[in-house]
Amino acid sequence: MIEIERLNSSHVPCVKDIQLSEQSVRFASTTDDFLLDISSTTHRYVIKQHHLVVGFFKLDLAYESTYHFCFKNSIGLRTFALDQRQQGKGLGTKTVEALLCYLTNHYQAYDFVYLTVNCKNAAAISCYRKGGFEDTGEIYLGGQAGPQHVMRRKITV
């Protein structure tokens, strides 16, 4: 079972133990960068399976003010990463599915959740599609690792 919890100090050692593949670091971020983001508009979360931290992500409440493609009253999913030892087990898709439930219960004031995913990251694109995200057809060119698909999902179904 996947659990989503807001990052707290007890999670930090577990997050630091997460091993990210080169691809995850290139497309998402490092664990250190994730832990250093203390913006008041960024909510950091851990992904747990069987009570063990297996990944992390951020929800950016200021996403719409940064990215022109993001509709008003929407948030952004950023820095979604899973421990490389846990990849290939369907956890990404299960987490994306659990995320919708979490957003519906905790972020119901928002209409959509947006993300960008590198055009070369086929596994992540597939994961987000399986989790109910739709490709908007727009390409974001501001990513450090190259062009990215813009995807979104309605928060309340």
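Residues in the stretch 1-30 that are in contact with a helix residue (DSSP H, G or I) (Cβ under 8 Å, 6 or more places away or on another chain), farther than 19 Å from Leu115 by Cα and outside any strand (DSSP E or B): Leu7, Val12, Val15, Lys16, Ile18, Gln19, Leu20, Ser21.
Residues checked against (1) assigned to a helix (DSSP H, G or I); (2) touching a Ser or Thr at 6+ places or on another chain (Cβ under 8 Å); (3) modelled with pLDDT under 95:
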residue: Val46; (1), (2), (3): no, no, no
residue: Ile75; (1), (2), (3): no, no, no
residue: Tyr102; (1), (2), (3): yes, no, no
residue: Thr136; (1), (2), (3): no, no, no
residue: His149; (1), (2), (3): no, yes, no
residue: Thr156; (1), (2), (3): no, yes, yes
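Any residue that is of a type in the set (S, T, N, Q), more than 20 Å from Cys119 (Cα to Cα) and touching a Lys or Arg at 6+ places or on another chain (Cβ under 8 Å) - is there at least one of those in the stretch 60-67? No.
Of the residues contained in the stretch 126-142, one or more are found to be within 18 Å of Ser24 (Cβ to Cβ), crowded, with 20+ Cβ neighbours inside 10 Å and in contact with a helix residue (DSSP H, G or I) (Cβ under 7 Å, 6 or more places away or on another chain).
The values are calculated or read from the model by the stated rules, or taken from the named source; none is laboratory data. Being a predicted model, the structure only gives us computed values, none of them experimental. FYI the Cβ positions are ideal-geometry reconstructions off the backbone, even for glycines, and counts take in every protein chain you see.
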